[in-house]
Each structure stands twice: as structure tokens, then as C-alpha cells.
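K.L.:
My structure is below; once you've seen it, I'll send some questions.
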Amino acid sequence: MIIRASRFFYDSKSVENRRVFELYGAHWPRSHIPVLPLGQGYIRTLSSAALDRGVEIKTRCSVDELIVESGRIKGVAAATDNGRKFYFCRKGVVLASGSFAANSQLVERFAPKLAKLTTNNTPYSTGEAMMAANKIGADLVDMEFIQCLPGCPPGKKHRVRFHNDVSNFVLVNHEGKRFINEDASRDDLRDAVLSLPQRYAFSIIDGQGFRKSGILVQKEAVIAREAGEAWNASSIEELAVKISVPPSNLVSTIQSYNDGVLKKQDSLGKKITPLTLCLKEPPFWACFASMTIHYTEGGLRIDEKARCLDKAGKPIIGLYAAGAVTGGVHGRNRLGGNGLAEAIVFGRTAGKSAAERI
């Protein structure tokens with residue numbers, strides 16, 4: 001696989017896209033804004049490169065079995081719209097089937113306390129290919145480590161990502177008070193929110209932060225507001241009433257936060273950088289900040305050549321894996337944005353190893 005440079009990755013002529021910001025859970029300002037949202041740029045670029053090379057891309061195929069002959073992976077079996085099909089390989093099989101975040105049974109099995117949470121993954125992130133590999137001897141690692149991001153509580157429908165840029169927002173509880181520094185690790189943020197009696201908080205930004213958040217997040221917010229799952233107001237007091245927290249507490253919280261930004265010393269230890277905004281410009285916005293399952297740290301154990309390993313640490317001949325189907329790459333806490341690096345680096349490594357039959 002050859003990954004080509006493309007305008008879909010990064011438009012250097014755009015002033016907005018040259019801005020580096022701190023993504024939620026990234027710990028440092030080191031993220032860029034893509035030209036196309038939700039991974040579309042990467043998918044278009046890589047799928048175009050594959051099609052240029054004569055690759056046939058099949059959809060609506062659910063791989064649930066690996067074919068093994070004489071101790072070597074020879075292909076896969078898949079459920080399709082036209083019945084069960086078998087696909088055979090000349091050199092190897094690369095699994096890049098994503099996480100198991102949408103499989104509530106597997107989540108409950110490996111991380112019971114997160115079993116009832118929603119997920120922001122596609123409904124197809126169910127882990128069948130991972131478990132098929134495990135069935136023929138591939139080892140699983142770090143399965144209990146699952147990351148979450150702010151999202152809608154169970155029973156609600158609209159997720160608004162005011163949390164994307166750490167410099168824009170604060171988290172408050174149902175008393176209208178901050179309870180954790182917003183640039184903490186994703187695991188610490190998850191546990192802090194789930195420790196609240198209601199198991200959700202609120203993300204709050206101001207008008208400037210709303211404009212910075214981008215058109216897609218703005219659209220999410222407007223749709224959620226119409227459904228009663230996000231709110232905006234001309235004052236902090238009015239916003240507090242809308243989200244049913246004590247107005248005096250929320251006013252005091254925002255004032256204290258703004259003072260800390262101006263003094264460059266936050267009371268909860270959040271890093272204050274030149275990018276950090278005071279929350280002072282109306283309209284002010286709020287949305288639910290429950291926890292939604294975002295990334296499963298665990299999966300198939302691989303080596304530096306992206307070969308799947310058995311429980312004894314030996315490579316399974318002909319089986320490779322890359323991306324969220326793997327485990328052991330990030331440890332128990334993945335930094336925000338590093339999933340892309342993992343997928344691209346190990347995707348290329350896996351393809352190269354399979355082509356060379358390493």
C-alpha cells in the first residue's frame with residue numbers, strides 16, 4: 001500500500017486549517033482541522049489509491065471465520081447478501097475491521113461498568129473478525145481498557161461535540177460547578193463524569209467558542225437544541241435556568257474560570273495557553289456530557305511487523321492486523337488523534353508484511 005499526499009488530508013492555503021489546537025484527550029496542541037470531516041478525506045484518498053491499483057472493494061460482507069490449512073491462514077468466510085462466500089488469499093489476510101465498541105455483549109464481558117453506555121462508533125464495530133481470529137488461536141490483549149468521550153446520555157439521541165477543542169469549553173456538574181480539569185486524560189475524565197450521581201455533566205462554551213467549533217459541530221448543536229438536548233442563552237444566568245443548575249453557582253464558576261484564564265493559573269490545574277478562551281461572549285451554549293464509548297484499547301496482539309501473535313507470542317502464519325482491531329499499541333490510555341497514526345502506520349506495515357510474506 002502506498003499512501004499518497006492529497007488535498008483531502010490538509011489544505012495549507014486555509015488559515016483555519018493551519019490552526020493547531022488541543023484535541024480532547026490529546027494533552028498538547030498538536031491537532032489540525034481536516035478539510036473533510038469524519039475521516040472522509042482519508043477514506044477517499046486511500047480507496048482511490050486502491051482502486052487505481054485494481055483492488056476490488058466489497059461491501060456488505062461480514063467476515064466471521066478464518067480459513068486455516070496446514071497451520072497457515074488461507075482466506076476468510078463471509079456472510080453476504082447472496083449467502084456465505086469464501087475468499088482465498090495468495091499471501092495473507094490483513095484484518096482492519098475496527099473496534100468492538102458497538103458490541104454491547106463484548107463490552108459487558110470485558111468492561112462491565114461501561115456496558116450500558118452509548119457509542120459513537122458505527123453500528124458495524126462489533127468485533128466478529130477479531131473474535132474469529134481469537135478462535136483460531138490469536139491472542140487478545142488490553143481488552144478491559146475502553147476509552148470514552150462526552151456524548152448524549154442513554155435514552156437521548158443527539159451528541160454535540162463542544163468538547164473537541166479543549167481551549168473552548170468547561171465541564172460543570174448539576175451543581176453548576178467544575179469538577180475536573182478539562183485537559184485531563186480521557187480515562188480520568190470518563191471516571192470523573194461517571195462518578196457523578198447522574199452519570200453526566202454539561203459542556204459549556206461561549207459565542208466565540210461556538211464559531212471556532214466548525215460548521216459540523218454548529219449543525220449538531222442546532223439540531224440538538226431543536227430536540228431539547230442542547231441549549232443557548234444570552235446570559236450565564238439564563239443558561240443555568242435552562243439546564244436546571246443553580247444560577248449563582250454557574251455564574252461564580254464561569255467568573256472564576258475566566259479569572260484563571262486571565263491570570264494563566266487555573267484553579268483545577270488546566271493548562272492555560274494563548275489559545276484558551278474566556279467564556280464571556282454571548283450567546284452561551286450547553287449540551288449533555290455523558291460518556292459514550294469511543295475507542296477500545298484492546299484487540300489482537302501484534303508485533304512490530306503487524307503479524308498477529310498466538311498466546312505463546314509466536315506469529316500466526318499469514319495473519320496480520322492493523323488499526324482498532326489490534327491491542328497493545330497504546331497501553332491503557334490512547335492520546336487523542338493517535339488512532340489515525342496507528343491505523344496508517346500499521347496499515348502500511350501490515351500490507352508490506354503480507355506482500356513480502358514476512
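The values are calculated or read from the model by the stated rules, or taken from the named source; none is laboratory data. This is a predicted model, so every value here is computed, not measured. Virtual Cβ from ideal backbone geometry, glycine too; neighbours counted across all protein chains shown. Heavy atoms of the whole protein, side chains included, go into the accessibility calculation; ligands, DNA and RNA do not. Shrake-Rupley method; radii C 1.70, N 1.55, O 1.52, S 1.80 Å.
K.L.:
Would you check if GLN198 is polar (S, T, N, Q) and not in a helix (DSSP H, G or I)?
P.N.:
Against the criterion (polar (S, T, N, Q) and not in a helix (DSSP H, G or I)), GLN198 qualifies.
K.L.:
Taking the stretch 274-305, which residues are open to solvent by less than 40 Å² (accessible area, probe 1.4 Å) and in a loop (DSSP other than H, G, I, E, B)?
P.N.:
THR276, LEU277, CYS278, LEU279, GLU297, GLY298, ASP303
K.L.:
Working carefully through the options VAL76, VAL15, find the one that is over 23 Å from the mean Cα position of the chain (by Cα) and at pLDDT below 80.
P.N.:
One residue alone meets the criteria, VAL15.
K.L.:
To continue, here is another question. Of the residues GLY127, GLY155, GLY151, only one is open to solvent by less than 20 Å² (accessible area, probe 1.4 Å) and on the phi > 0 side of the Ramachandran plot; which?
P.N.:
On the way: GLY155 fails: open to solvent by less than 20 Å² (accessible area, probe 1.4 Å); GLY151 fails: on the phi > 0 side of the Ramachandran plot.
Going through GLY127, GLY155, GLY151 in turn, just one is open to solvent by less than 20 Å² (accessible area, probe 1.4 Å) and on the phi > 0 side of the Ramachandran plot: GLY127.
K.L.:
Here is a follow-up. Out of the residues in the stretch 252-273 that are without any contact (Cβ under 8 Å) to a residue 40 or more places away in the chain and of a type in the set (A, V, I, L, M, F, W, C), which is least open to solvent (accessible area, probe 1.4 Å)?
P.N.:
In this case the residue turns out to be VAL261.
K.L.:
In the stretch 314-329, what residues are touching a residue at least 60 places away in the same chain (Cβ under 8 Å) and not in a strand (DSSP E or B)?
P.N.:
ALA322, GLY323, ALA324, VAL325, GLY328
K.L.:
Also, quick follow-up: If we scan the stretch 162-175, do we find a residue that is open to solvent by 20 Å² or more (accessible area, probe 1.4 Å), touching a residue at least 40 places away in the same chain (Cβ under 8 Å) and closer than 21 Å to HIS330 by Cα?
P.N.:
The answer is yes; a qualifying residue exists.
K.L.:
Please list, ordered by residue number, the strands (runs of 3 or more DSSP E) wholly in the stretch 25-116 having 1 or more residues that are free of Cβ contacts under 8 Å to residues at least 12 places away in the same chain, open to solvent by 60 Å² or more (accessible area, probe 1.4 Å) and of a type in the set (Asp, Glu). Spell out the reasoning first.
P.N.:
Details: elements: 62-69, 72-80, 83-88, 93-95.
Output list reads 62-69.
K.L.:
Another question about this same structure. Looking at GLU238, GLU229, GLU182, GLU220, can you tell me which residue is of a type outside the set (Lys, Arg), open to solvent by 10 Å² or more (accessible area, probe 1.4 Å) and farther than 17 Å from CYS152 by Cβ?
P.N.:
GLU238
K.L.:
Give just the number: which of (1) open to solvent by less than 40 Å² (accessible area, probe 1.4 Å); (2) of a type in the set (S, T, N, Q); (3) closer than 15 Å to MET291 by Cα does SER195 not satisfy?
P.N.:
(1)
K.L.:
Right, here's the next one. Within the set of pairs 6+ apart or on separate chains, which have a first residue in the stretch 345-358 that is in contact (Cβ under 8 Å) with a residue 60 or more places away in the chain, a second that is surrounded by 15 or more Cβ atoms within 10 Å (Cβ to Cβ) and in a helix (DSSP H, G or I), and C-beta atoms under 7 Å apart?
P.N.:
GLY347/GLY323
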